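A.B. asks: My structure is below; once you've seen it, I'll send some questions.
The values are calculated or read from the model by the stated rules, or taken from the named source; none is laboratory data. None of these values were measured; they are calculated from a predicted model. A quick note on method: Cβ atoms are made from the backbone with ideal geometry, for glycine too, and the neighbour counts reach across all protein chains shown.
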């Protein structure tokens, strides 16, 4: 197979060379000879002497070979620095993790003769081009190989195991919600009906999309991305036929129909007029315009007076204990991408054998590169360089970070983060640790969930839930003492104490500065409402459940929610140091 494919490729390559050659009048045999010199075939059918010499000289600058066709004849130690593209021709190349590792390893080398500047400006990448019919079968295996399957696990420090940082555990109060379905009046549009059908401009070429699938037999899935005016008109007429109308009077723009329901041709004429007004030639409607037609004629259909509405009603107060937070994991390979991990100076006692093994693995992998090579991948965070008394790198110039235990006021054995914004916020927590008693990085799911609701794209009601990123506990009495030492006026904070407030829980959700998720405003609104309702119930004297770890809460916590972006961090921490922005809500 490799020999056949190589011959086919040589003919293709010869034609390409000829097409771009200034001497295209030369005989075809000349271009075939040039193409053949660029192709090396390494298969068992050929005598080893036929290819071995060229294979040994493959990295020489005067060796013309650029393409290698091989079938299991490249030894496992075959080490070539200038492989940039790999094209497997058979699915069996990906039948196991070992074979996948060997294939990928052919191109995972940095060229030795490339300059430092060239590598920084145009970092070499190996591309594996694989036939789409193999994709589903091999994706899981490839992911397993490239992601190493070595995990770091974050967990709460045991309360009774003698760890000093376990004293930072605290309890949170939540409200249990009960899902309820109720009926509400349909407000509709107040009886107002848009007089004319208005369509949006659409691209001229609307046609069919063909999806090819390989599942034993060859199958083609044909899908059109348009509707004809005739079929849309028929569907709308059918909707009118199936409804019962108290008053059969319809005004479609300039078309008046009285005493009967509209017919297919009348609806088609309304659509045709809208197409013409929008400057759309022909009678094809895009999917978006078909929906606009549907919304327009829906105005004239009778609707019920009530509609169901799903909502959640607050119930009993419940505890969320940081000591019972579930574990969460991150792949070690992600540390070289976006994942960031913080551990304390006491990590050797706190992490356990499995995590320590992974850290040593990371150190060993990075230890193979000198400082110049490490600088190709990342630069040291400015905060780490300036605050060496608080934090240092475990290996290389990036995460994992080792933090001075005195400022690492979290009861988690390690803190794992997934965005640069979260990392910058943790830097702020470390720098301002004297004003904080404890904090935790919440899991993405399953710890303290807040439900929210919004209309996706302004139309579809969508419900979801999210876990705020950080919960930060501040003991109010100690906080006031710290601020008074700094000469800060604490009158407002003392007023909180007069109302029975003992501690402040800052709840923070982090978003990027360029976040444009339409769900974000809804998350903020529902979180603010949740904690406002919680504060009102607590300050109204509702009994607080027994606290975690056998202790009992006597004072009232005040919950404050903030949705922050990195550009707001400096101001947020400045207000924290000034004791301001804490009297709200």
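A.B. asks: State whether the residues of segment 491-511 include one that is within 30 Å of residue 380 (Cα to Cα) and in a loop (DSSP other than H, G, I, E, B).
C.D. replies: The answer is yes, given that some residue of segment 491-511 is within 30 Å of residue 380 (Cα to Cα) and in a loop (DSSP other than H, G, I, E, B).
A.B. asks: Something else about it: Given the conditions (1) touching a residue at least 24 places away in the same chain (Cβ under 8 Å); (2) out of contact with any strand residue (DSSP E or B) (no Cβ under 9 Å at 6 or more places or on another chain); (3) loosely packed, with under 14 Cβ neighbours inside 10 Å, and given that residue 333 satisfies all but one, which numbered condition is not satisfied?
C.D. replies: Residue 333 satisfies all of (1) touching a residue at least 24 places away in the same chain (Cβ under 8 Å); (2) out of contact with any strand residue (DSSP E or B) (no Cβ under 9 Å at 6 or more places or on another chain); (3) loosely packed, with under 14 Cβ neighbours inside 10 Å except (3).
A.B. asks: If only one of 510, 501 is buried (at least 19 other Cβ atoms within 10 Å of the Cβ), in the same structural domain as residue 437 (by the TED database) and more than 30 Å from residue 461 (Cα to Cα), which one is it?
C.D. replies: Answer to the selection: 501.
A.B. asks: Right, next: Taking residue 522 as meeting all but one of (1) at pLDDT below 90; (2) touching a strand residue (DSSP E or B) at 6+ places or on another chain (Cβ under 9 Å), write down the number of the exception.
C.D. replies: All conditions are met except number (1).
A.B. asks: Follow-up. Consider segment 285-317. How many of its residues are at pLDDT 85 or above and not in a helix (DSSP H, G or I)?
C.D. replies: 4
A.B. asks: I need the strands (runs of 3 or more DSSP E) fully contained in segment 173-270, keeping only those with at least 3 residues that are modelled with pLDDT under 75.
C.D. replies: Those strands (runs of 3 or more DSSP E) span 208-215, 217-224.
A.B. asks: Which count do you get for residues in segment 405-422 that are touching a strand residue (DSSP E or B) at 6+ places or on another chain (Cβ under 7 Å) and within 24 Å of residue 364 (Cα to Cα)?
C.D. replies: 5
A.B. asks: Go through segment 337-347 and give me each residue that's touching a helix residue (DSSP H, G or I) at 6+ places or on another chain (Cβ under 7 Å) and either assigned to a helix (DSSP H, G or I) or under 21 Å from residue 158 (Cα atoms) (or both).
C.D. replies: Matches in segment 337-347: 341, 342, 344.
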